[in-house]
Amino acid sequence: MVMRKVVSWMRAEAEQHPGKGRVARWIGRNWARLTYATRIEPTWLELNHLQIPIANLPASFAGLRIVQMSDFHGGRQVTPAYLREAVELAQAQDPDVIVLTGDFVHKGFRHVAQVAQVLGRLQSPLGVFAVLGNHDFSVRNALGIRRHQHLHQAVSDALKDQGIRVLQNETQMLTRGGEHLYLAGVEDLWSRVCDLERTLGGLAPAVPRVLLAHNPCTVEHLQGHRCDLILSGHTHGGQVNLPGVGRLALGPRGRRFAAGLYQVEGTTLYVNKGIGFGFRIRYGVRPEVAVLTLTPR
């Protein structure tokens, strides 16, 4: 009712005062954008398909379909119904392996079990794997200060109870047709317990490796370790990407790896825009489920 009165007033003013009409049109356009950004795009899931060339990829892994989801931020705003929609979309892609790259809850313990239960519906032949994000460690910045000391353990235990393998600075060897591919996972960079040497050191150098790392800036800390593909999230793509203005929510470092595909010193990095959000707003940055198909290079 209030909105109808506002629109009627704007029309009347535009007819009586042409100058005010321009202002009314400007207000109308931006009101529409705001409505779209807060009501539609935050839960309008996007499905992205990418082919990722991998050097020395074993023949048995050619065509391997990795489905990635990230940044769920389960809580009061990101509901189980919406998360179930994302799970159903991911499951419909016929994945060979499913990976979840962190931030399962937005804050606190309240929604941990609920989020894990929804994600427990995911299944794939080679398994479902996860790494934790900074929100799972209740860390909000690079200083590494934790608000809830044991939240990460609660998230990890809840996921494990649902059959999801949580990689905590460790590597799982995937086997297919008698051939191998490493799937590694590190703790979040801001947690101060990320250990790439422990995770990647000592692996057979000829075997390709895919790394799950919540924060895309992890790519800057490889220190010479072979890493063919890193799958990350964390940025949400800035959540708002205004034409001609850009991603205002991200600083210069965040904008360097904001969203999508990057090549960094021989490593392919894919930054997923995530499923959820902190503030319910997205504009030009739809939430996504990514399907990455490995091909020989």
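Some points to look at:
- Checked against (1) of a type in the set (A, V, I, L, M); (2) crowded, with 23+ Cβ neighbours inside 10 Å; (3) at pLDDT below 95, Ala290 meets all criteria but (3).
- Within segment 186-211, residues that are more than 24 Å from Ile54 (Cα to Cα) and touching a residue at least 12 places away in the same chain (Cβ under 8 Å) reach partners that are of a type in the set (Lys, Arg) and part of a loop (DSSP other than H, G, I, E, B) with beta carbons closer than 9 Å, at six or more positions or on different chains, in the pairs Trp190/Arg140.
- Contacts under 6 angstrom Cβ, first residue in segment 214-225 being among the hydrophobic types (A, V, I, L, M, F, W, C), partner open to solvent by less than 10 Å² (accessible area, probe 1.4 Å), 6 or more apart: Val219/Ile230; Val219/Thr267; Val219/Leu269
- Test: residue in segment 189-208 that is closer than 26 Å to Ala86 by Cα, open to solvent by less than 10 Å² (accessible area, probe 1.4 Å) and within 18 Å of the chain's Cα centre (by Cα): no
- Among the residues examined, Thr35 does not qualify as of a type outside the set (D, E, K, R), open to solvent by 30 Å² or more (accessible area, probe 1.4 Å) and at pLDDT 95 or above.
- Given (1) in contact with a helix residue (DSSP H, G or I) (Cβ under 8 Å, 6 or more places away or on another chain); (2) crowded, with 24+ Cβ neighbours inside 10 Å; (3) over 12 Å from Pro216 (Cβ atoms), number of the condition Val271 does not satisfy: (3)
- The lone exception for Arg84 - which of (1) over 12 Å from Ile275 (Cβ atoms); (2) open to solvent by 40 Å² or more (accessible area, probe 1.4 Å); (3) free of Cβ contacts under 8 Å to residues at least 40 places away in the same chain it fails: (1)
- Top-ranked residue in segment 221-252 [being among the charged types (D, E, K, R) and in contact with a helix residue (DSSP H, G or I) (Cβ under 9 Å, 6 or more places away or on another chain); ranked as nearest to Glu170 (Cα to Cα)]: Arg226
- Segment 220-253: number of residues that are under 30 Å from Thr295 (Cβ atoms) and either in contact with a Pro (Cβ under 9 Å, 6 or more places away or on another chain) or buried (at least 21 other Cβ atoms within 10 Å of the Cβ) (or both): 13
- Residue that is at pLDDT 95 or above and among the basic types (Lys, Arg), where the choices are Arg76, Arg121, Arg146, Arg140: Arg121
- Only one of the numbered conditions (1) over 24 Å from Thr293 (Cα atoms); (2) surrounded by 19 or more Cβ atoms within 10 Å (Cβ to Cβ); (3) touching a Leu at 6+ places or on another chain (Cβ under 8 Å); (4) not acidic (Asp, Glu) is violated by Ala158, and that is (3).
Results for (1) in a loop (DSSP other than H, G, I, E, B); (2) in contact with a strand residue (DSSP E or B) (Cβ under 9 Å, 6 or more places away or on another chain); (3) among the β-branched types (Val, Ile, Thr); (4) within 24 Å of Leu222 (Cα to Cα), shown as yes or no for each residue.
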residue: Ala81; (1), (2), (3), (4): no, no, no, no
residue: Ala86; (1), (2), (3), (4): no, yes, no, no
residue: Ala90; (1), (2), (3), (4): no, yes, no, no
residue: Gln93; (1), (2), (3), (4): yes, yes, no, no
residue: Leu122; (1), (2), (3), (4): yes, yes, no, no
residue: His148; (1), (2), (3), (4): yes, no, no, no
residue: Lys160; (1), (2), (3), (4): no, yes, no, no
residue: Leu174; (1), (2), (3), (4): no, yes, no, yes
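- Filter result for Ser60 (within 23 Å of Leu174 (Cα to Cα), open to solvent by less than 10 Å² (accessible area, probe 1.4 Å) and polar (S, T, N, Q)): no
- If you go through segment 230-257 and keep only what is part of a strand (DSSP E or B) and within 26 Å of Arg39 (Cβ to Cβ), you end up with Val240, Leu242, Gly246.
- Residue ID - modelled with the highest pLDDT, chosen from residues in segment 38-57 that are open to solvent by 70 Å² or more (accessible area, probe 1.4 Å) and of a type in the set (S, T, N, Q): Gln51
- Consider segment 107-128 and keep the residues that are open to solvent by 100 Å² or more (accessible area, probe 1.4 Å) and polar (S, T, N, Q). The one that is farthest from Ala81 (Cα to Cα) is Gln123.
The values are calculated or read from the model by the stated rules, or taken from the named source; none is laboratory data. As the structure is a prediction and not an experimental result, all values here were calculated from the model. Note that we place each Cβ from the backbone using ideal geometry, even for glycine, and neighbour counts take in every protein chain shown. The area values use the complete protein model at the heavy-atom level, side chains included, leaving out ligands, DNA and RNA. Shrake-Rupley method; radii C 1.70, N 1.55, O 1.52, S 1.80 Å.
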